[in-house]
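Notes to accompany the following structure.
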Amino acid sequence: MSSCYFAQYLLNAGFLAEDQLLPLLRQATDAVPGTPLLALHQGIMTAAQIASVGSGSDEEFAVRAQERGLLTKSQLVNMHQTIAGRDACFAQVLLDSQLVDYAKLEHAFRQCELAEPNPVVAAVESARIHEIGQDMAFYGEYVDAFFRSLLRFMDTDAVVVPESTLLHIAEETYAVSQRLSGDLNLAAGIMADERVFLEMARRYSHEDIQLVDDLAVDSIAEFLNVMNGLFAVNLSQRDMDVDLEMPRSACNVRPDGSHQLMLRVFTDFGSFVLVLATDEFLY
């Protein structure tokens, strides 16, 4: 099973509550999926077959499953040689926390893979802000690409929740935005408190940044620039040309753009706000 934004699917489907996300995402960074979960996640065994083998250590499970002809030695070796994906790690945390069992996981894995649109796009579209109209399709596409960039450049899974206010944002906030103009007009920006802003800057730059200085701001601006460049390449494949304008930064601002959408993004290092609009919202 490939990644399907499993944590996002569980939130969308009501399996998880918003206040559970941060602790679960943090725990998932160190989680090691066990043999039963790997077998389920990779489609080698069903939940019913796992139940028939019974509980015990990974070693005991592997021996019993092989004795019953449910696992082969080569399958076992290949399972553990494959790098566990984020979805499997998150699922192991849910099992360890007794929030789900294998039967519920099996159903959720299947539904997540079949989800259309994908869970991240579905979460963005759930905002249903009438005035955004047809731009919402591009917003969903952008957030999908943004999440892939977070995983690639900052090594974190993420979950998004649309929000109508900035109540979660601390008073001291830092923001960086960049506007794309041309066949698509879109401004995207990150707003975060000091701790999260610095962690994002450190993860992207691989520098030990301790203060919100020019290096920190430039690191976030470069991340946005690279992310938006990749997004522009995707648009160009549909014969849409866009130019990237110079990034802007600000402190303690309230964004106010046209067709504006604010999204709370949860990661393993904290949460921040992703702002999307059709014109620049930082002044």
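The values are calculated or read from the model by the stated rules, or taken from the named source; none is laboratory data. Model, not experiment: these values are computed from the prediction. Please note: Cβ atoms are built from the backbone with ideal geometry, for glycine as well, and neighbour counts cover all protein chains shown. Ligands, DNA and RNA are stripped out before the accessible areas are found, and what is left, the full protein with its side chains, is counted by its heavy atoms. Shrake-Rupley method; radii C 1.70, N 1.55, O 1.52, S 1.80 Å.
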In a Gaussian network model over the chain where Cα atoms closer than 10 Å are linked, find which of 157, 135, 213 has the largest mean-square fluctuation. 213
Can you give me the convex hull volume of the Cα atoms of the chain, divided per residue and expressed in Å³? 137
Report, in debye and to the nearest 20, how large the dipole of the range 75-164 comes out about its Cα centre when Lys and Arg carry +1 and Asp and Glu carry -1 on their Cβ. 220
Which whole-number percent gives the relative contact order of the range 94-193, counting Cα pairs below 8 Å spaced six or more residues apart? 18
By Kyte-Doolittle mean hydropathy of at least 0.0 and Cα axial length of at least 20 Å, which whole DSSP H helices of the chain are selected? 135-154, 214-236
Percent RCO, i.e. relative contact order, over the chain, from Cα pairs under 8 Å lying at least 6 residues apart: 21
With every protein chain kept in place and a 1.4 Å probe, the chain has an accessible area per residue in Å² of 48
Determine, for each peptide in 35-47, 63-75, the mean count of other beta carbons within 10 angstrom over its residues, then list the peptides with the highest first. 35-47, 63-75
Keeping the other protein chains in place, figure out the carbon and sulfur percent of the accessible area of the chain, with a 1.4 Å probe. 48
Which one, 12, 136, 44, is farthest towards the positive end of the dipole of the chain when Lys and Arg carry +1 and Asp and Glu -1 on their Cβ? 44
Ordering 131, 60, 245, 280 by how much accessible area each has at a 1.4 Å probe, largest first, what is the list? 131, 60, 245, 280
Given +1 on the Cβ of Lys and Arg, -1 on the Cβ of Asp and Glu, and no further charges, what dipole in debye does the chain carry about its Cα centre, rounded to the nearest 20? 960
Can you compute the charge dipole magnitude of the range 153-246 about its Cα centre, using +1 on each Lys and Arg Cβ and -1 on each Asp and Glu Cβ, nothing else charged? Give it in debye, rounded to the nearest 20. 280
Percent of all alpha-carbon pairs of the range 1-49 at distances over 13 Å, whole number, is 67
